[in-house]
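The values are calculated or read from the model by the stated rules, or taken from the named source; none is laboratory data. As the structure is a prediction and not an experimental result, all values here were calculated from the model. Cβ coordinates were reconstructed from backbone atoms using ideal geometry, including for glycine residues, and neighbour counts include every protein chain displayed.
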Amino acid sequence: MSKAEVDQYLKGLPEAAVFSIQALRKQVLELVPSGEESISYAMPCVKLSGKAVAGYAAFKKHIGYFPHSGNIVPQLSDELAGRKQTTGGFQFELGELLPDDLIAKLVGLRLKELSEKYPDLDFQLY
C-alpha cells in the first residue's frame, strides 16, 4: 500500500472532495512525518508502526474523518458540535478545511492511545 494508491483513490472524485482530502492528508502527514500512507477499509489512511492513525474518505455529499478508534471522537464531541458524529468518526462538508488545531488534537489523542496500547512500538507525539 502506498502514496500512489491514495493518489489513485483521488482520481475521479469531485474537485471539492479532492481539495478537502488533499488538505487533510497534508495536515496529518505534517503531524506524523514518518507516517505511511495506505488504503485501509477502502479509504486513505496514515499508519504509524503499522497501526492506523487517521483515515478519511469522500462520499457523495460529505467527507468522513475516521481515527480508527471508538474512543477519540467522543472526547472531542464539544469541538465537533454541529457535525454529524458517531463514535468512529465525523463528517464535514465537501470543500471544507478542518482547523489545524482540531487535526492536531485528533491525531494527538490517537497517538497517545496507540502508545498506551502498544508500549513496545514507537508512536512519537510529533
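Tabulated data for the structure shown
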quantity: Complete set of residues in the stretch 1-32 that are outside any helix (DSSP H, G or I) and free of Cβ contacts under 8 Å to residues at least 60 places away in the same chain; calculated: M1, S2, K11, G12, L13
quantity: When residues of the stretch 43-62 are limited to those that are aliphatic (A, V, I, L, M) and without any contact (Cβ under 8 Å) to a residue 60 or more places away in the chain, the one nearest to V32 (Cα to Cα); calculated: V46
quantity: Hey, L76 of a type outside the set (S, T, N, Q), modelled with pLDDT under 95, over 11 Å from the mean Cα position of the chain (by Cα) and surrounded by fewer than 17 Cβ atoms within 10 Å (Cβ to Cβ) or not; calculated: no
quantity: Residue within the stretch 36-49 that is acidic (D, E) and either more than 19 Å from P99 (Cα to Cα) or in contact with a His (Cβ under 7 Å, 6 or more places away or on another chain) (or both) present; calculated: yes
quantity: The stretch 21-36, residues that are polar (S, T, N, Q), modelled with pLDDT of 95 or more and out of contact with any helix residue (DSSP H, G or I) (no Cβ under 6 Å at 6 or more places or on another chain); calculated: Q22
quantity: Whichever residue in the stretch 79-111 is of a type in the set (V, I, T) and under 12 Å from the mean Cα position of the chain (by Cα) and, among such residues, is surrounded by the fewest Cβ atoms within 10 Å (Cβ to Cβ); calculated: I103
quantity: Only listed residue being part of a loop (DSSP other than H, G, I, E, B) and touching a residue at least 24 places away in the same chain (Cβ under 8 Å), chosen from L80, L98, L114, L106; calculated: L98
quantity: Members of the stretch 68-126 found to be of a type in the set (K, R) and within 14 Å of L31 (Cα to Cα), listed by number; calculated: K105, R110, K112
